[in-house]
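Notes to accompany the following structure.
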Amino acid sequence: MPTHPIRVAVLGSGMSLTVFHRPSLLYHKDKYTLHSVLERSGQGEATRVCGEGVKVVKTLDGITNDPEVDLVVISTPNNTHYPFAKTAIEAGKHVLLEKPMCVTVAHAIELTELAEEKGVILSVYQNRRWDSDFLTVLEVLSSGRLGELVDFTSSYDKYLPLPPTHKLGWKESPGEYNDAIYGLGSHTIDQIYVLFVHDGTLLRTRGHSTTPFVVTVGSRILSSLPHQERFIIRGTLGSYVKYGIDPQEGRLKRIDSSTVLPEGCGTESESSWGHIYECRAPVEGEKSIEGSDGAQFVIHKYKSVPGNYNALYANLYEAISSGDKSKLAVKPEQAIDVLRIIEIGQKAAKEERILRVSET
């Protein structure tokens, strides 16, 4: 076990630092301390957000050559992940990479092998594994109430038209690896990976059926609807339908970044809970509806499982403090598989044909 809290350096002083990493580090103040921030712009944002007690540096060497830094969190543009992480790992630092892990599978494999060689922990910030809606889906599927799955739709939609005066950030600027699939797509694909893939093998969800099980994943930023669909999961015994996204990011954006992540931040209001529609006749007192084809459906409001982004840092601490990478919830090998899916998706779109992931 460490004799002191893990000393963290964050590369980047933007929203990722202020909304996600700093609040979780403050929550786990017995486990972590924010030691330094890399801010190359020199605009003073890091000091404004983190206070005078946090060291601000302008060069990567100022982080990697500092013997006091234990963990480097990389939240810079996608195409910098590989070179920054490689430098940090070679310096003997543990590394937490923002998604995507890298922009190519080859680079991700190289970093994973290098971390193994240097004996450091390498993980990826897939915090949306701890979204309320996703944790609820895990619970619903584990319950077996839907029967064998027929199809699964995951949508992450918003309506965010940009005004003409909006100044584009790096995520919105044209670039080979700035596509949404490398951003939010990395999260939604990772969630599907957690649900249906194990050790690189697709899990069977339909018994001995030879009909392909279809999973649809999509994201839109111009979805002009008042209520956004999140999950529609159909099974042989019923379906689960959920609207609205996890509340944590929205709530974190509204609090002071110097504030510890409040308890209950990931708890959804009852009005946001999803519904299970069971295909059966109701018993007395149950709410039901008749479908257009005459089938009876019993309706259950399903309480959402609280989300908890703090859990990622708690898990990372366990892995670093024990030196046991097998304890990681988000393993680099999983991030490599997600990148493979992204790469084959990009190739399929470019070639206008359907490809198997095994073809990468």
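Read-outs throughout are calculated quantities, based only on the coordinates presented, and are distinct from any laboratory measurement. Remember, predicted model here, so these are calculated numbers, not experimental data. Neighbour counts run over all protein chains shown; Cβ positions are idealised from the backbone, glycine included.
To the nearest µm²/s, what D does Stokes-Einstein give for the stretch 247-356 at 10 °C and 1.306 mPa s, using the Kirkwood radius over alpha carbon pairs as Rh? D = 83 µm²/s.
Which trypsin sites (Lys or Arg not before Pro) in the stretch 1-48 sit in a loop by DSSP (not H, G, I, E or B) and have at most 12 other Cβ atoms within 10 Å of their own Cβ? Those that pass, being in a loop and sparsely packed, are Lys29.
At 222 nm, what helix-only mean residue ellipticity would the chain give, in deg cm²/dmol to the nearest 500, using -39500 (n - 2.57) for each DSSP H run of four or more? Show your work: numbers first, answer last.
Numbers: 10 runs with 104 residues, N = 360.
Taking each H run of at least 4 residues, the total per residue is -8500 deg cm²/dmol.
The convex hull of the Cα atoms of the chain, projected and averaged over all directions, covers 20.9 nm². Put simply, the Cα atoms of the stretch 59-152 extend 54, 27, 25 Å along their principal axes, the longest span coming first.
The order of the peptides 308-314, 217-223, 96-102 by mean Cβ neighbours within 10 Å, most packed first, is 96-102, 308-314, 217-223.
Per residue, the convex hull spanned by the Cα atoms of the stretch 109-159 measures out at 176 cubic angstrom. Share of pairwise Cα-Cα distances greater than 24 Å in the stretch 1-127 is 21 percent (whole percent). Calculated FRET efficiency, Lys303 to Glu90, Cβ-Cβ distance, R0 = 41 Å: about 0.30 to the nearest 0.05. Take every pair of alpha-carbon atoms less than 8 Å apart whose residues are at least six positions apart; their mean separation over the length of the chain yields a relative contact order of 19 percent. Quick check on the chain: of the DSSP beta bridges with both residues there, what percent are antiparallel, nearest 5%? Bridges in the chain are about 50 percent antiparallel.
Rank the residues His275, His227 as a footprinting-exposure proxy: fewest other Cβ atoms within 10 Å of their Cβ go first.
The most exposed by this proxy come first: His227, His275.
Near the amide H of Val10, within less than 5 Å, lie the amide hydrogens of Ser36, Val37, Leu38, Val73, all on another chain or at least 5 residues away, with H placed in the peptide plane. Label-to-label distance for Leu225 and Ser41 is 3.4 nm, based on points extended 7 Å past Cα in the beta-carbon direction. Around the amide H of Ser223, modelled in the peptide plane, lie the amide H atoms of Lys158, Tyr159, Leu160, all under 5 Å away and 5 or more residues distant in sequence or on another chain. Run a plain Debye calculation on the stretch 214-282 (Cα atoms as equal point scatterers, no solvent) and give log10 I(q)/I(0) at q = 0.21 Å⁻¹, rounded to two decimals, same order as the q list. Treating every Cα as an identical point scatterer, log10 I(q)/I(0) equals -1.04. For the stretch 44-145, the dipole from Cβ point charges (+1 on Lys and Arg, -1 on Asp and Glu) about the Cα centre works out to 280 debye, to the nearest 20.
Cβ-Cβ distance of Ala106 and Lys350, R₀ of 25 Å, FRET efficiency by 1/(1 + (r/R0)^6): the value works out to about 0.85.
Exposure proxy shown here: for Trp130, Trp273, the number of other Cβ atoms within 10 Å sets the order, fewest to most, as Trp273, Trp130. Placing unit charges on each Cβ (+1 for Lys and Arg, -1 for Asp and Glu) gives the chain a dipole about its Cα centre, and among Ile121, Pro23, Leu96 the Cα reaching farthest toward its positive end belongs to Pro23.
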